[in-house]
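The values are calculated or read from the model by the stated rules, or taken from the named source; none is laboratory data. Because the structure is predicted, anything quoted here is derived from the model rather than measured. Backbone-built Cβ (ideal geometry, glycine too); neighbour counts: all protein chains shown.
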Amino acid sequence: MNGKKILIGVCGSIAAYKTAFLIRLLKKQHADVRVVMTPSASGFIAPLTLSTLSKNPALSQFIANDEGEWNNHVELGLWADVFIIAPASANTIAKMANGICDNLLLAVYLSARCPVYVAPAMDLDMYQHSSTQTNMRLLQESGVKMIDAEFGELASGLTGTGRMAEPENIVNLVNDFFSSDRPLQGKNALVTAGPTYEQIDPVRFIGNHSSGKMGVAIANQLMAYGADVKLILGPVNDIFELEGLCVSKVTSADEMYALAKEQFAGADITVLAAAVADYKPRVMADSKIKKNKDNMTLELTKTPDIAASLGKIKSKDQIIAGFALETDNEIENARKKLHSKNFDMIVLNSLKDPGAGFGYDTNKISIIDRDNNTRDYELKSKIGVAKDIVDAIVEKYF
Ligand code: PMT
């Protein structure tokens with residue numbers, strides 16, 4: 001759980017004392033924990049106890065930031081990787097199920113984009129009441145994950161189901177959640193992205209319109225799934241979110257080739273999204289070529305085919321996903337590249353599809369694998385496309 005951002009919600013219930021243990025266990029596993037409480041929760045456990053254990057303030061009030069915006073509910077909702085409400089009272093569950101938002105915890109719930117877990121705690125009759133059961137079902141239907149209450153002695157002296165799940169059991173669930181969410185944990189990935197520039201003279205080059213968006217989105221998705229990612233990025237103008245990636249910036253196909261060969265050995269997965277120039281000037285002029293003739297001929301020579309060279313040396317445990325950028329006979333050409341470059345799968349994008357290819361924030365792809373399966377996808381954001389590609393790799397090979 002190293003560095004995982006876990007938001008704990010605490011409601012007014014005698015089981016709130018268990019939340020102190022829950023926070024301790026999470027902190028022991030190096031999670032970053034924050035706490036939000038309903039107004040009545042502090043009658044059961046002191047905010048000071050929870051803030052001392054979590055090493056962060058235990059919040060129950062809306063607070064303005066430095067700019068005077070009252071948005072700590074939104075900030076907390078966006079910050080968290082997972083939100084666990086434990087204990088969750090019958091009252092809070094009912095409000096959540098009905099979109100009621102009269103305290104900070106409920107506002108955070110409505111703002112949260114992360115998975116939400118709810119660990120109910122109440123007396124057995126309250127737990128079994130049809131209203132509570134209906135509310136819990138409504139929450140489940142809207143994607144909330146319920147952590148079943150456990151059986152045992154309750155604060156009322158009755159015995160039955162209604163105790164908040166033990167902190168150890170909640171921690172196990174959270175651990176399962178994080179590991180299932182990271183199917184590429186422990187894997188190494190290599191991604192090429194962006195264009196290459198082949199110098200003609202000190203001021204001119206042969207290049208293309210690749211922005212790097214597609215490849216960077218793939219690198220980020222591989223990282224989100226737990227892989228250690230090395231990204232070889234050609235010369236791009238956009239500024240990207242590259243935190244957590246090991247990035248090498250290159251300019252020419254030769255530079256990209258040299259680095260790719262060096263970094264390929266340790267890569268379990270390689271995705272070649274770069275638009276590598278196929279030709280470069282045979283010689284680069286030392287000084288700016290003068291415009292003193294009506295016509296000029298530039299002699300070009302082939303650049304190294306990075307994909308084909310990696311395809312030749314790849315072991316049976318290594319997966320290569322290549323791209324095909326086509327304008328005609330798309331499927332046929334993509335299939336040829338799949339086999340000639342020894343890819344395991346190829347992602348076809350066609351410049352004929354509106355919104356697909358260079359520069360756009362969107363792309364439209366088909367994925368073809370070596371068993372000749374072709375899957376067509378809708379036009380969507382390059383971030384969504386990256387998820388589809390990485391999901392296809394995970395589904396087939398991991
Ligand atoms: O960067 P964006 O603006 O987001 O645009 C994304 C993209 C259109 C560049 C991307 O989706 C894409 O299609 N990348 C591959 C472009 C390309 O060069 O396709 P190709 O069909 O010419 O090459 C086939 C494969 O061989 C590709 O995986 C390519 O990276 C690789 N190749 C090609 C030539 C070469 N010398 N070395 C290579 O490794």
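Residues in the range 179-220 that are crowded, with 23+ Cβ neighbours inside 10 Å and more than 22 Å from residue 237 (Cβ to Cβ) were compared, and the one that is nearest to the ligand (Cβ to nearest atom) is 190.
Conditions tested, residue by residue: (1) touching a helix residue (DSSP H, G or I) at 6+ places or on another chain (Cβ under 7 Å); (2) modelled with pLDDT of 95 or more.
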position: 2; (1), (2): no, no
position: 6; (1), (2): yes, yes
position: 10; (1), (2): yes, yes
position: 17; (1), (2): no, yes
position: 20; (1), (2): yes, yes
position: 37; (1), (2): yes, yes
position: 44; (1), (2): yes, yes
position: 55; (1), (2): no, yes
position: 66; (1), (2): no, no
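Tallying residues that are more than 16 Å from residue 87 (Cα to Cα) and in a loop (DSSP other than H, G, I, E, B) within the range 109-155 yields 7.
Acidic (Asp, Glu) and over 21 Å from the mean Cα position of the chain (by Cα): is that true of residue 317 in this structure? For residue 317, the condition - acidic (Asp, Glu) and over 21 Å from the mean Cα position of the chain (by Cα) - is met. Considering the range 205-240 alone, what residues qualify as being under 18 Å from the mean Cα position of the chain (by Cα) and hydroxyl-bearing (Ser, Thr, Tyr)? Selection gives 225 alone.
Please note which helices (runs of 4 or more DSSP H) are completely contained in the range 293-398 and include at least 1 residues that are modelled with pLDDT under 95 and within 12 Å of the ligand (Cβ to nearest atom). Working first, answer last.
Details: elements: 306-313, 330-340, 382-397.
Helices (runs of 4 or more DSSP H) meeting the threshold: 382-397.
Return yes when residue 165 is under 30 Å from residue 27 (Cβ atoms), at pLDDT 95 or above and not in a helix (DSSP H, G or I) and no when it is not. Even if it seems obvious, please write down each step before you answer.
Details: under 30 Å from residue 27 (Cβ atoms): yes; at pLDDT 95 or above: yes; not in a helix (DSSP H, G or I): yes.
Against the criterion (under 30 Å from residue 27 (Cβ atoms), at pLDDT 95 or above and not in a helix (DSSP H, G or I)), residue 165 qualifies.
Selection of the range 261-287 for residues being of a type in the set (Ser, Thr, Tyr) and part of a loop (DSSP other than H, G, I, E, B) yields only 287.
Here is a check on your reading of the model: is residue 162 in the same structural domain as residue 247 (by TED's automatic domain parsing) and either touching a helix residue (DSSP H, G or I) at 6+ places or on another chain (Cβ under 8 Å) or free of Cβ contacts under 8 Å to residues at least 40 places away in the same chain (or both)?
On the way: in the same structural domain as residue 247 (by TED's automatic domain parsing): no; either touching a helix residue (DSSP H, G or I) at 6+ places or on another chain (Cβ under 8 Å) or free of Cβ contacts under 8 Å to residues at least 40 places away in the same chain (or both): yes.
The answer is no for residue 162.
Looking at residue 249, is it touching a Lys or Arg at 6+ places or on another chain (Cβ under 9 Å) and basic (Lys, Arg)? Give the derivation first.
Values: touching a Lys or Arg at 6+ places or on another chain (Cβ under 9 Å): no; basic (Lys, Arg): yes.
No: the conditions fail for residue 249.
In a residue-by-residue description of the range 142-162, the property of being of a type outside the set (A, V, I, L, M), modelled with pLDDT under 95 and within 30 Å of residue 347 (Cα to Cα) applies to no position. Cβ-Cβ distance below 6 Å, separation of 6 or more or different chains: which pairs start in the range 336-357 with a residue that is touching a residue at least 24 places away in the same chain (Cβ under 8 Å) and end on one that is near the ligand (Cβ under 8 Å from one of its atoms) and aromatic (Phe, Trp, Tyr)? Once the first residue is touching a residue at least 24 places away in the same chain (Cβ under 8 Å) and sits in the range 336-357, its partners that are near the ligand (Cβ under 8 Å from one of its atoms) and aromatic (Phe, Trp, Tyr) give 347/323.
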